[in-house]
There are 2 protein chains.
Amino acid sequence: MNAKSDRIPADERRVQILDAAVEVFGRYGYAAATTDRVAKGAGISQPYVVRMFGTKEQLFIETLGHTLARLLRTFRAALAEADAEGLSAEARLGAAYLELVGDRGVLLTLLHGFMMGADPAIGPVARGGFFEVYRMLRQEAGFTPEQARSFLAEGMLINTLIGLDVRPTDDLATAELLACTFGDDVPESFERSIA
Amino acid sequence: MNAKSDRIPADERRVQILDAAVEVFGRYGYAAATTDRVAKGAGISQPYVVRMFGTKEQLFIETLGHTLARLLRTFRAALAEADAEGLSAEARLGAAYLELVGDRGVLLTLLHGFMMGADPAIGPVARGGFFEVYRMLRQEAGFTPEQARSFLAEGMLINTLIGLDVRPTDDLATAELLACTFGDDVPESFERSIA
DNA sequence: GTCTATATAGCGATAGAC
DNA sequence: GTCTATCGCTATATAGAC
């Protein structure tokens with residue numbers, strides 16, 4: 001509104017930029033995403049984005065950390081709930097994953113990061129993040145290796161369906177696979193088309 | 001060697017370019033891949049690549065078709081073999097998938113394509129390719145929806161492990177997941193580092 | 001804390017010769 | 001069938017003002 005209110009603390013601006021970055025990196029991937037789109041998403045100028053994070057690469061690395069933290073937070077909350085209500089960790093974590101599907105940016109940003117293992121700077125971060133999830137499943141959720149592998153595999157299939165931008169109405173095979181993957185209630189984010 | 005022998009038929013050149021493109025798109029993804037790298041891989045000039053395929057986008061679409069055809073060919077050969085030797089289609093297709101892992105470019109190009117569902121030109125091609133595989137599993141391999149979903153999920157996890165550029169020596173969690181995914185013989189392509 | 005202006009580099013695509 | 005030369009766009013990053 002007024003000119004002065006546009007000046008906000010750096011910490012707060014940082015989070016706004018990271019939130020915008022999750023959307024942009026998720027939609028376009030690392031290479032096709034532009035710092036300008038992130039800036040527009042955060043409502044600031046492109047050079048300011050770069051000023052805050054140094055480089056686009058560094059922004060992506062911090063965005064990966066941001067999304068990973070959110071994933072782990074969601075999973076840990078689900079585990080606590082399963083504990084309190086005596087539900088199985090497996091079922092409760094599956095439901096938690098579906099919550100995350102609602103926000104396409106999170107899972108797609110992670111998957112795009114996972115595809116960059118060959119990148120010297122981003123690869124180690126991506127591997128570290130992936131296996132942090134694996135360790136959480138094994139140690140905190142009490143999964144066996146087979147349970148953890150199966151959980152991750154199902155997750156990657158769901159990520160792929162999001163990345164494909166699959167819609168329930170596409171055709172018979174599509175409807176069948178979506179029904180088989182999600183059961184009765186296909187996440188609503190599959191029904192809207194991308195803005 | 002001699003100057004004249006460098007002139008080869010367009011059809012043959014096309015295949016050379018597509019083979020180079022599979023490697024490059026697999027390694028860098030669509031956006032970060034350059035027509036110049038593809039050209040160097042095929043041993044020709046960058047403008048000639050563009051000349052042959054019109055645009056980089058069109059090159060990617062044809063590369064997707066090329067890799068998908070190879071995937072389906074491998075699967076169908078495995079099915080024929082399973083038929084002849086009385087093996088289960090599920091086990092034989094799993095083994096066929098592992099053959100494809102040896103050539104990182106194929107599976108990574110496909111996965112990069114699957115991540116581009118939101119792209120107006122590439123999205124429809126990627127979805128079509130993915131569900132062509134699904135239909136093959138259901139109709140030709142005789143999989144139930146659950147078997148097909150599970151097979152695809154395991155495949156996507158393997159693709160992700162390739163994309164992450166995971167190495168067996170990384171740490172305990174890594175070794176455990178690789179052992180759990182591949183059993184005794186982890187594909188050798190996981191042991192070499194990328195060139 | 002934030003912007004405008006701009007330097008700089010890389011890449012896809014075109015023109016045209018051989 | 002293939003190359004060299006080059007245009008023009010886009011995008012990251014820097015400089016410096018407010």
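The values are calculated or read from the model by the stated rules, or taken from the named source; none is laboratory data. The shown structure was predicted, so the numbers you read here are calculated from the model rather than taken from an experiment. Ideal geometry is used to build each Cβ from the backbone, glycine not excepted, and the neighbour counts take in all protein chains shown. Note: accessible area is taken over every heavy atom of the protein model, side chains too, but ligands, DNA and RNA are not part of it. Shrake-Rupley method; radii C 1.70, N 1.55, O 1.52, S 1.80 Å.
Among the conditions (1) farther than 21 Å from A:Glu132 by Cα; (2) touching a Phe, Trp or Tyr at 6+ places or on another chain (Cβ under 6 Å), the only one that A:Ala84 does not satisfy is (2).
Scanning segment A:98-109 turns up at least one residue that is out of contact with any Cys (no Cβ under 9 Å at 6 or more places or on another chain), under 19 Å from A:Tyr134 (Cβ atoms), in contact (Cβ under 8 Å) with a residue 24 or more places away in the chain and within 16 Å of DNA strand D (Cβ to nearest atom).
Somewhere in segment B:90-99, is a residue in a helix (DSSP H, G or I), facing chain A (nearest Cβ under 10 Å), open to solvent by less than 40 Å² (accessible area, probe 1.4 Å) and not β-branched (Val, Ile, Thr)? No, segment B:90-99 contains no residue that is in a helix (DSSP H, G or I), facing chain A (nearest Cβ under 10 Å), open to solvent by less than 40 Å² (accessible area, probe 1.4 Å) and not β-branched (Val, Ile, Thr). Note on segment A:43-56: residues that are among the small types (Gly, Ala, Ser) and near DNA strand C (Cβ under 9 Å from one of its atoms) amount to 2. None of B:Leu72, B:Leu79, B:Leu68 is within 14 Å of chain A (Cβ to nearest Cβ) and either among the hydroxyl-bearing types (Ser, Thr, Tyr) or more than 16 Å from DNA strand C (Cβ to nearest atom) (or both) except B:Leu68. Count of segment B:35-56 residues, restricted to those that are open to solvent by 40 Å² or more (accessible area, probe 1.4 Å), over 16 Å from A:Ala32 (Cβ atoms) and either of a type outside the set (D, E, K, R) or within 12 Å of DNA strand D (Cβ to nearest atom) (or both), is 11.
Residue count for segment A:146-189 satisfying the condition of being buried (at least 17 other Cβ atoms within 10 Å of the Cβ), more than 26 Å from A:Tyr134 (Cα to Cα) and more than 10 Å from chain B (Cβ to nearest Cβ): 0.
Being of a type in the set (Asp, Glu), away from DNA strand D (no atom under 16 Å from the Cβ), without any contact (Cβ under 8 Å) to a residue 12 or more places away in the chain and open to solvent by 60 Å² or more (accessible area, probe 1.4 Å) holds for only one residue in A:Glu132, A:Glu85, and it is A:Glu85. If I ask for residues that are part of a helix (DSSP H, G or I) and either more than 25 Å from A:Leu108 (Cβ to Cβ) or free of Cβ contacts under 8 Å to residues at least 12 places away in the same chain (or both), which ones from segment B:161-176 would you list? Matches in segment B:161-176: B:Leu164, B:Leu172, B:Ala173, B:Thr174, B:Ala175, B:Glu176. Could you list all residues from segment A:110-120 that are free of Cβ contacts under 8 Å to residues at least 24 places away in the same chain and part of a helix (DSSP H, G or I)? Listed by number, the list holds a single entry, A:Phe114.
From the list B:Gly123, B:Gly128, B:Gly142, the one residue that fits, being more than 7 Å from chain A (Cβ to nearest Cβ) and in a helix (DSSP H, G or I), is B:Gly128. Against the condition more than 13 Å from DNA strand C (Cβ to nearest atom), part of a helix (DSSP H, G or I) and crowded, with 17+ Cβ neighbours inside 10 Å, how does B:Leu59 come out, does it pass? No. Of the residues that make up segment A:69-79, is at least one in contact with a Ser or Thr (Cβ under 8 Å, 6 or more places away or on another chain) and part of a helix (DSSP H, G or I)? Checked against the condition, which is being in contact with a Ser or Thr (Cβ under 8 Å, 6 or more places away or on another chain) and part of a helix (DSSP H, G or I), segment A:69-79 yields no hits at all. For the residues A:Ala20, A:Ala32, the requirement of being within 27 Å of A:Leu164 (Cβ to Cβ), within 13 Å of DNA strand C (Cβ to nearest atom), among the small types (Gly, Ala, Ser) and surrounded by 19 or more Cβ atoms within 10 Å (Cβ to Cβ) singles out A:Ala20.
Cβ separations smaller than 9 Å between residues 6+ apart or across chains give the following pairs from segment A:22-34 residues that are within 9 Å of chain B (Cβ to nearest Cβ) and basic (Lys, Arg) to residues that are within 13 Å of DNA strand D (Cβ to nearest atom) and outside any helix (DSSP H, G or I): A:Arg27/A:Ala33.
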